[in-house]
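My structure is below; once you've seen it, I'll send some questions.
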Amino acid sequence: MNVKPPQAPLIVIFGSFRDHGAIQDTLEKMIDKWVQWGCKVEIVSFREGEGFYSGPYPIQHVHLKVRHRITATIGLWVYLRRKKPAAAMACTHIANTILASTRSLPGKSPKIVLGIHQNYADSKKNDSRPLKQKNKIREIKKHYPSAHGVITVSHGIRESLEKKHQTEGINFKTIYNGILTDKIHELATQNPNHSWLQEEKSGPVIVTAGRLTEQKDQKTLLEAFKIVLHRAPSARLIILGEGNQRAELEELARHLKISQEVDMPGHKENPYPYMERADVFALSSRWEGLGNVLIEALALSTPVVATDCPSGPREILADGCYGTLVPPGKPEALAEGLLKVLQGNAPQFDRNEAIEKFRAEYAAREYLNFMGITPPNSRPWTPE
């Protein structure tokens, strides 16, 4: 008697994916795990969306060739009815509302899972645009309850929505970004080709990485570094990243008379050699969704100083057990935190324990469990 092998469950990822950012990186690592475990994955996009996946597996990309929400909703609904996936997921607000809206159309729906990677409730980005934030919260309350579940990448995001905006009727689940694989250590062994990070360093080096924007608040970091130099004159600061505040940051460095001690080499496809060789990694953000670079710094055993901003750093660093937390927007406090670590007073902890929940395999299994999918090639698994 011939026994048919189990059919590969199909997972659809919907969105308008363009630049390869943190969300795409997280998804790509989970896709690899899902395919290894016998699942099938397809990426469906609209507007200028692209098939972001660049891994080793043949992942199909389908473009709906639509731009507007209504036509995207209908196009996606038709696609889901034809393909009959086990689950469909999205990770950005507009994509979330479109995917959730397919639930109001006729026919059986797959498991619909939405993702929130940004702290909409506490983001300072909306301070000057309160109407836009109000509309976004209204859409969340209207559309998100129709999904089978909503994944937030930090407890802080979930708590902000529940406590500040009374988002009732939403089945929330927090799953941290699974960004860590063994490849990070392989990439970190490469030479950063930077004179300040060679074997015989002339002084301690502080590294930060992120877009040069208001959110990341490198202005506060520069002001804090000016204070650090008074007590550690041989220290150096490397700011990795690009963004619309580059000119302002360069001007601030000149104004503070620290241009010779600060280097801004731009975006690096592989920032890990810089992070691994740093004496301390700094995160000066005003707000975050989670803060992937902190997780990567922990994985590379680099001491961390981070702002206790909403949301993410406090969760990643376990209330300060795995790194130093300081108030956001306070140069003096950030400087004290950096000096404390440079003087050898960083917290001591079990690195493997600190990063376990941020491994790609852990997150990929948690997503499957939440979507109710049992992968054909993987034993049932329940996280602790």
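Considering only region 224-245, state which residues are surrounded by fewer than 19 Cβ atoms within 10 Å (Cβ to Cβ), in contact with a Leu (Cβ under 7 Å, 6 or more places away or on another chain) and outside any loop (DSSP other than H, G, I, E, B).
Result: 231, single match.
Quick one: is residue 359 crowded, with 21+ Cβ neighbours inside 10 Å, over 28 Å from residue 207 (Cα atoms) and in contact with a Ser or Thr (Cβ under 9 Å, 6 or more places away or on another chain)?
Spelling it out, it is not the case that residue 359 is crowded, with 21+ Cβ neighbours inside 10 Å, over 28 Å from residue 207 (Cα atoms) and in contact with a Ser or Thr (Cβ under 9 Å, 6 or more places away or on another chain).
What number of residues within region 300-311 are closer than 22 Å to residue 152 by Cβ and at pLDDT 95 or above?
Of the residues in that region, 4 qualify.
Would you be able to tell me the number of residues in region 335-377 that are in a helix (DSSP H, G or I) and within 23 Å of residue 322 (Cα to Cα)?
We begin by selecting, within region 335-377, every residue in a helix (DSSP H, G or I); these are 335-342, 351-358, 360-371.
Checking the rest, the ones that are also within 23 Å of residue 322 (Cα to Cα) come to 335-342, 351-358, 360-363.
Residues meeting the conditions: 20.
To continue, here is another question. Among the strands (runs of 3 or more DSSP E) contained in region 1-78, which hold 3 or more residues that are in contact (Cβ under 8 Å) with a residue 40 or more places away in the chain, among the aliphatic types (A, V, I, L, M) and crowded, with 18+ Cβ neighbours inside 10 Å?
Per the criteria, 10-15.
Residues to consider are 189, 208; find the one that is within 19 Å of residue 296 (Cα to Cα), surrounded by fewer than 17 Cβ atoms within 10 Å (Cβ to Cβ) and β-branched (Val, Ile, Thr).
From the options 189, 208, the qualifying one is 189.
Restricting attention to region 161-175, report how many residues are surrounded by fewer than 20 Cβ atoms within 10 Å (Cβ to Cβ) and either within 17 Å of the chain's Cα centre (by Cα) or outside any loop (DSSP other than H, G, I, E, B) (or both).
7
Here's a follow-up. Looking at region 336-359, which of its residues are among the hydrophobic types (A, V, I, L, M, F, W, C) and either in contact with a Lys or Arg (Cβ under 8 Å, 6 or more places away or on another chain) or free of Cβ contacts under 8 Å to residues at least 40 places away in the same chain (or both)?
Going residue by residue through region 336-359, those that are among the hydrophobic types (A, V, I, L, M, F, W, C) are 338-339, 341-342, 346, 349, 354-355, 358.
Selection gives 339, 346, 349.
Do we find that residue 72 is farther than 28 Å from residue 295 by Cα and in contact with a Lys or Arg (Cβ under 6 Å, 6 or more places away or on another chain) in this structure?
Against the criterion (farther than 28 Å from residue 295 by Cα and in contact with a Lys or Arg (Cβ under 6 Å, 6 or more places away or on another chain)), residue 72 does not qualify.
For residue 163, all conditions in the list (1) touching a residue at least 12 places away in the same chain (Cβ under 8 Å); (2) of a type outside the set (Val, Ile, Thr); (3) within 30 Å of residue 98 (Cα to Cα) hold save one; what is the number of the exception?
Tallying (1) touching a residue at least 12 places away in the same chain (Cβ under 8 Å); (2) of a type outside the set (Val, Ile, Thr); (3) within 30 Å of residue 98 (Cα to Cα), residue 163 fails exactly one: (1).
Identify, please: which residue in region 323-340 is hydrophobic (A, V, I, L, M, F, W, C) and in contact with a strand residue (DSSP E or B) (Cβ under 7 Å, 6 or more places away or on another chain) and is, among those, surrounded by the fewest Cβ atoms within 10 Å (Cβ to Cβ)?
Only one residue fits best here, namely 333.
From 312, 320, which residue is at positive phi and surrounded by fewer than 17 Cβ atoms within 10 Å (Cβ to Cβ)? Even if it seems obvious, please write down each step before you answer.
Details: 312 fails: surrounded by fewer than 17 Cβ atoms within 10 Å (Cβ to Cβ).
After ruling out the rest, the residue left standing is 320.
So how many residues does region 187-208 have that are farther than 19 Å from residue 305 by Cα and either touching a Gly at 6+ places or on another chain (Cβ under 9 Å) or outside the structural domain of residue 295 (by TED's automatic domain parsing) (or both)?
1
Looking at 44, 66, 78, which one is touching a Leu at 6+ places or on another chain (Cβ under 7 Å) and β-branched (Val, Ile, Thr)?
44
Mind listing whichever residues of region 79-116 are surrounded by 21 or more Cβ atoms within 10 Å (Cβ to Cβ) and basic (Lys, Arg)?
none
Look at residue 178 and say whether it is buried (at least 23 other Cβ atoms within 10 Å of the Cβ) and not aliphatic (A, V, I, L, M).
Yes; evaluated as a whole, the condition is true for this residue.
Are any residues in region 276-309 among the hydroxyl-bearing types (Ser, Thr, Tyr) and either surrounded by fewer than 22 Cβ atoms within 10 Å (Cβ to Cβ) or farther than 17 Å from residue 224 by Cα (or both), and if so, which ones?
Correct list: 301, 302.
Could you list, in sequence order, all residues of region 253-267 that are surrounded by 16 or more Cβ atoms within 10 Å (Cβ to Cβ) and within 16 Å of residue 195 (Cβ to Cβ)?
Passing the criteria: 261, 262, 263, 264.
The values are calculated or read from the model by the stated rules, or taken from the named source; none is laboratory data. In this text, all values refer to a predicted model and were calculated from it rather than measured experimentally. Every residue, glycine as well, gets a Cβ built from its backbone with ideal geometry; the counts of neighbours run over all protein chains shown.
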